[in-house]
1. Of the residues A:Glu241, A:Glu250, only one is part of a helix (DSSP H, G or I), more than 26 Å from A:Leu95 (Cα to Cα) and of a type in the set (Asp, Glu); which?
2. Pairs please, first residue from the stretch B:68-85 and farther than 18 Å from C:Ser219 by Cα and more than 8 Å from every other protein chain (Cβ to nearest Cβ), second anywhere and among the aliphatic types (A, V, I, L, M) and in a loop (DSSP other than H, G, I, E, B), Cβ atoms under 6 Å, 6+ apart in sequence or on different chains.
3. Just a yes or no: is a residue in the stretch A:139-157 over 23 Å from C:Pro47 (Cα atoms) and of a type in the set (Gly, Ala, Ser)?
4. Looking only at the stretch B:37-80, which residues are open to solvent by less than 30 Å² (accessible area, probe 1.4 Å), under 26 Å from A:Ala14 (Cα atoms) and among the aliphatic types (A, V, I, L, M)?
5. Looking at the stretch C:242-284, which of the residues that are within 29 Å of C:Asn307 (Cα to Cα) and of a type in the set (Asp, Glu) is least open to solvent (accessible area, probe 1.4 Å)?
6. Looking at A:Phe171 and the list (1) among the hydrophobic types (A, V, I, L, M, F, W, C); (2) within 13 Å of chain C (Cβ to nearest Cβ); (3) out of contact with any Ser or Thr (no Cβ under 7 Å at 6 or more places or on another chain), which single condition is not satisfied?
7. In the stretch B:340-362, which residues are open to solvent by less than 50 Å² (accessible area, probe 1.4 Å) and outside any strand (DSSP E or B)?
Amino acid sequence: MSDYDQISKKARTARIVRKTVTYSLLVLWGIIVLFPFYWMILSSIKSYGSYNAEFTPKFITTEPTMQNYIDAFTKVNLGRYFLNTIVFTVVTTALMMLVIVFAAFAFSRLQFRGKNLVFTLFLSLMMIPSELVIITNFVTITNWGLRNTFTGLILPSVTSVFYIYLLKENFEQIPDDLYKAAKVDGTSDMKYLFKVMVPICSPTIVTVVILKVIECWNAYVWPRLITDDPKYFLVSNGISEIRENGFGRENIPAMMAAVVVISIPLIVLFLIFHKKIMAGVSRGGTKG
Amino acid sequence: MKIRFEGLTKRFPNRNKKIKSEVVAVDNFSFEIPDGKLVGLLGPSGCGKSTALNLICGLETPTEGKIFFDDDDVTDLPAENRGVGMVFQSYALYPHLTVKKNIMFPLQNLKGEQKMTKEQMEAKALEAAKIVQIEELMDRKPNEMSGGQQQRVAIARALVKMPRVLLLDEPLSNLDARLRIQTREEIKRIQNTTKITTIFVTHDQEEAMSISDLIVVMKDGAVHQIGKPQEVYDSPVNLFVAKFLGTPPINVFTGRIKDGKLLIGEDTILGKDYVKDTKDQEVFIGIRPEGFLLREDKEKNGKLDGKNGVFHADLLAIEVMGRDTSVVFSHGSSEIEGTRLRAIVSSDNQIDPESKTVAFDVNPKKVFVFSKETQERLL
Amino acid sequence: MSVQQETKIQAGKPKSNAKFLKRLNAFKAWLYLLPALVFLGIFMVYPLIDVLVYSFEEGYNSASQTSFGTGWFNYAYVLHDPYFLQAVKNTFIIVIITVPLSTLLALLISLALNSIKKLKEVFQTIFFLPYVTNTLAVGLVFMIMFKKTPYTDGLINMILAIFKTGPIDFIDGPYWAKMFVMCFYTIWVVLPFKVLILTSALASVDEVYYKAAKIDGTSRFRMFTHITLPMISPMIFYLVITGFIGAFKAYSDEVAIFGTNLNSAGMNTIVGYVYDMLYGDSGGYPSYAAAAALILFAIVFTITVVNLLISKKTSIR
């Protein structure tokens, strides 16, 4: 009996120990994840003087200031970068959605000769890394005289083979009978696509939109290649620029204010739609 | 090994978080399961029978009360130290392992003195496989087998470590009708050969009745009746148990006891000899389908005993089922209005399907009377 | 019936009509595909051929668009360029350190996440946060935390001082320190995706297997090695493969920490080298860029194939 008691007790302690270790690990990683965010907000509200006076950085500040945020918008063109990115994100995403919805529709519902061959070719394009094609695209856009234009920024990223594939799979799950019924009722293909298929597949569409928005907001490589006029910088290039030439000598608090400002839109988006975004990424995202 | 419960209770917080109340899955169990018996834990789905099973095997800990294996208190003992074998509803066979490796899996967990060599394990596994007759399938993977075969593998895996108790959670629910009957006999046979105290959970009363030595009827976490299947069937303690056991189900009427007689509508069902010392009141009356005796038939055979009255009902249909005939009728006093009631009579009877009414005598042994308030059995 | 007949008669010859309709439908289908075909053609298929051409054109001049021959010269040049070799070395170090480490760490965190009920969603949401943040922006924060300047040793050195080490300049200091920051940041960036994938993989393992194993007295370690791992191994392989591919393409994270002039920081990567050759201070050599990109592609391709072969072998076992 006492044997049993001992085993029971041991099991209980083991459980408590396990729980503690588990939660400690999670909390530790949580701190590692969150701390940079805390640090950037903290640094952004320290005044230039007080930040530079701290040889040993302080973990709190007693005199928060918004001056850095004002600087971020007045001394460098943060507002411009911000606006550019919004335009870039919205236009790219909207155009891409149109292109991929049409393509997915053609692959999933329409009958034409050579469909399978074309689709196979499409799929094989998925294996091509963007690093390989970006060289020619750079030359192409330069030759077309589209450097430092929105057109040049946007054009190469308005198609995605992967998203066409994702959407096509989803479209195909809609029963054929619905299409036939619509045809019998005299619905045009276009109307059917936008009134029936798109609404039914709206979860996938939303997923793709979210993923594309994140991608656009964080785009760095292509914009860097194609723009050298700060008037067309996106936030990522803006940050790079601010880091190297902005604010005069090492105004880190102002830099951090800029960083906070450009991080906020996506974080807010994420906090609102975190379930959707996480579900979407686990279905169709790749990074890392 | 016998298993004893003392005031065993398990409460869960309500799933709907807005409701503060708790769900009582197991309510104050206090009874004993004798050694070496096959026990059926029977109840409608959601009655807490699976929770009860989980408490026995140690996957959950009770809120209150104690569990004893023989005289040992195992209430707080972790599952792995209880020496129980369990067969899950979905079998839980490891899909990436062969049958042999699945069966050997529990043996490989043994530590210290109990540790076995590979040869010993293989011998044990073969032994267990032979009990359930799957020794030719040892190298297959679970997904290459039929549901019935998977079931046997699961049983073999539960048996291989010679458990003190074997638990089966809805063991037949994933099998088709034919396999179900075959497998339940198989379980009975395996239990007979191994003599391991076996508890199985089911919502199918026929399944429980057919193979159990003892059935425990549960509802809403509470035990309503424990007994041998026939006993429980023949003398249910309350309306729920009476309704839950038996196919076709018992026919329930509202009726009354008046002047020492039992009446449904205007018909006297049981006379004074049966209804003794019971005060006049409204009651529920349950009559088993086989408790009806066709009046015409009896008149013919001259067996009418006259002590009991006649029961008149509206004939709806006659269903011939070979050995028996099922008489479908309705009655204005049935518990739920418009229920299609059923009597099972021998197929020797000739009933005129065109007839609008039908008259029965009733077998008093098949008539149960329940209080209208408590639904407890009165007679 | 009669209505049908009527319409048929009105429509004239039904046979040629059907043929025409079929053609029209096919035409419409191509019309729907057209935008995608045009964009993919110009920005994916043509560049693919073009990049090969570039890589073999010797002495290509982007201003006059002329070259004076074809051959392996560009490859030879790239392979002898010390900047490229440094980039290859850096890339390989990043790959070898971050891929296994981040996968292991992600597994550990996912296991922890899956074993708790309270606060699970909160932790999951927090852990995913780096995925949606701008790499360049947060990289700047990391840089500031690690950087040592004349005015301050920085946050990390302050913590190191508690353990009586440092101060170390992680940003402009020794190679290993820079590499440490780089790998740390890379892992910080890639972990959310891996944790997400592994958490859902772990959650999809049926609880009943663990119950069965527990009743059979299986130790937690054995449950992990004999049940969990085999069941989630496809996902782990998926993560390892995508991890390799992603790490080989490392670039923006490096820029985020060390700025755009990666060569002078000695922290360039293969992709960085490609872009530098294309554009920027040392740019204007698309041929070298093409050769370097194709070498990268060859490396990634080989490693992916090897990975797939290994995964196939283990899954058969």
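The values are calculated or read from the model by the stated rules, or taken from the named source; none is laboratory data. None of the values given here were measured: they were computed from a predicted structure. Reconstructed Cβ throughout: ideal geometry from the backbone, glycine too, with neighbour counts over all protein chains shown. Remember, those area values only see protein heavy atoms, side chains included, never the ligands or the DNA or RNA. Shrake-Rupley method; radii C 1.70, N 1.55, O 1.52, S 1.80 Å.
1. When all the criteria are applied, what remains is A:Glu241.
2. B:Phe69/B:Met1; B:Asp70/B:Met1
3. No: zero hits.
4. Within the stretch B:37-80, B:Ala52, B:Leu53, B:Leu55, B:Ile56, B:Ile67, B:Val74, B:Leu77, B:Ala79 meet the criteria.
5. The extreme case among them is C:Glu254.
6. With respect to (1) among the hydrophobic types (A, V, I, L, M, F, W, C); (2) within 13 Å of chain C (Cβ to nearest Cβ); (3) out of contact with any Ser or Thr (no Cβ under 7 Å at 6 or more places or on another chain), A:Phe171 is out only on (3).
7. B:Ser347, B:Asn349, B:Ile351, B:Ser355
Okay, residues lined up against (1) open to solvent by 30 Å² or more (accessible area, probe 1.4 Å); (2) out of contact with any Pro (no Cβ under 9 Å at 6 or more places or on another chain); (3) of a type in the set (A, V, I, L, M); (4) modelled with pLDDT of 90 or more:
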| position | (1), (2), (3), (4) |
| --- | --- |
| B:Arg184 | yes, no, no, no |
| B:Thr193 | yes, yes, no, no |
| B:Val223 | yes, yes, yes, yes |
| B:Ser235 | yes, yes, no, yes |
| B:Lys243 | yes, no, no, yes |
